[in-house]
Each structure stands twice: as C-alpha cells, then as structure tokens.
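Report on the following structure.
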Amino acid sequence: MSLFTPPVTFGLRPDLAIIATKVKVGSRVLDVGCGDGSLMEALKEQMGCDARGMELDPLGVAACVAKGLSVMQGDADTDLADYPDAAFDYAILSQTLQTTKRPDKVLDELLRVGRKAFVSFPNFAHWKVRASLLWNGRMPVTRLLPIAWYETPNIHHVTVRDFRELVADRGYRIEGQWFLSGDRQTSPAAANWRAEHAVFLLSR
C-alpha cells in the first residue's frame, strides 16, 4: 500500500476533493488561482505531490506562505506565459475560469504548461439559475454565485454545454467529467440542466 493513501474528501470543498482524488501520487502540480492553498496543502501532505500555486489576491498568497507552500502572486491571464512547456503533470484551475478575461487563451496555456488540466466552474445553466431569470427577471444570486451582478468577479458566465463546445473547438480531449448538485456528485445525464458545478479533466 502506498504511503500516500488519499482520504475520501481530504476535508476539502467538494470540487477540490474530486480533483485531489484523481491526481496521481507524486505528481508535479500547478494550482492556478489557488486561494488559501487548501488543495495544494492536501496534495503535498496526503499525496506527496510537488504542488505549486499562483494567486492574484495578496491575502491568498500570504495564507499560502503561512502554510509553508510554494506560491507566486500572478494573474492567470498573463503570467502563465512565464512557465515552460509541460512543466507540470497537472495544471488546475478551480472556480477561476469565469473570472478570466480570455478563458479560451487561459485554457490553451493550462494545457501548454500542464500535460493535463483540471478545470472546475459553476454552471450558469443550472435550473435554479434559469428559474431565477425566468420568474424574477434578475441576475441570480445562489450559493455558487453568491455576489450581486455589480460586484461579482465573474465576467463570463459559462455553462456545461458552452465549455464542452469550447473544448471541442480547441481540439482537446475530455478524459473525465464530474458534476455536483449541492455537495454531492450527480449523474452526467442532463448535466447542463441539473449540475450546479462541473469538474473536467482535459488533455491535448
């Protein structure tokens, strides 16, 4: 048995837990938009990974440094260019794609610096979001989209279908896909309608 046997959830947010259980032991990982470093910490301590992070928010950077994690302050839209090709086994972008200026270019960079890429995002086509727009005529505020339209960092509201079409247009492969309703995994069937959150594993 490996020394690094992954717990079921690692004590992480559900989408991060899915990612953590799919990363191979001892991998080189870049977590883009790593926040306070919770995923990096789990991958380093539980999976023996060489985990590094990039975070725009200085408070997130400080939290990572306080945990002894390797992190640089940077912007996914511009600073991924500083990394060489195939420098990592996995590049991870969790709940960040919709905040970038050019998600298509960021996706290209993820799959340049990483042999594979995990991408997770809130699904703007979830039935609760649709119902809010239909019945209230207002931009929705939900658990995964908790901030009012005028102050949200989200500038691209992506759906599962939109993302699949982008991946197909760029010629990338979907190696895995997982969907969450609340904090529980749900079936891929009708995911564009039923899933609140999506996690994809991509490769070239």
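FYI, it's all coordinate maths here, none of it is from the lab. Here the structure is a predicted model, which is why all the values come from computation and not from measurement. Note: ideal-geometry Cβ built from the backbone for every residue, glycine included; neighbour counts use all protein chains shown.
Numbers for the structure displayed
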read-out	value
Ordering of 107-118, 172-183 by burial proxy (mean other Cβ atoms within 10 Å per residue, highest first)	107-118, 172-183
Full-extension gain in nm, Ala168 to Lys67, via 0.36 nm per residue minus C-alpha separation	32.5 nm
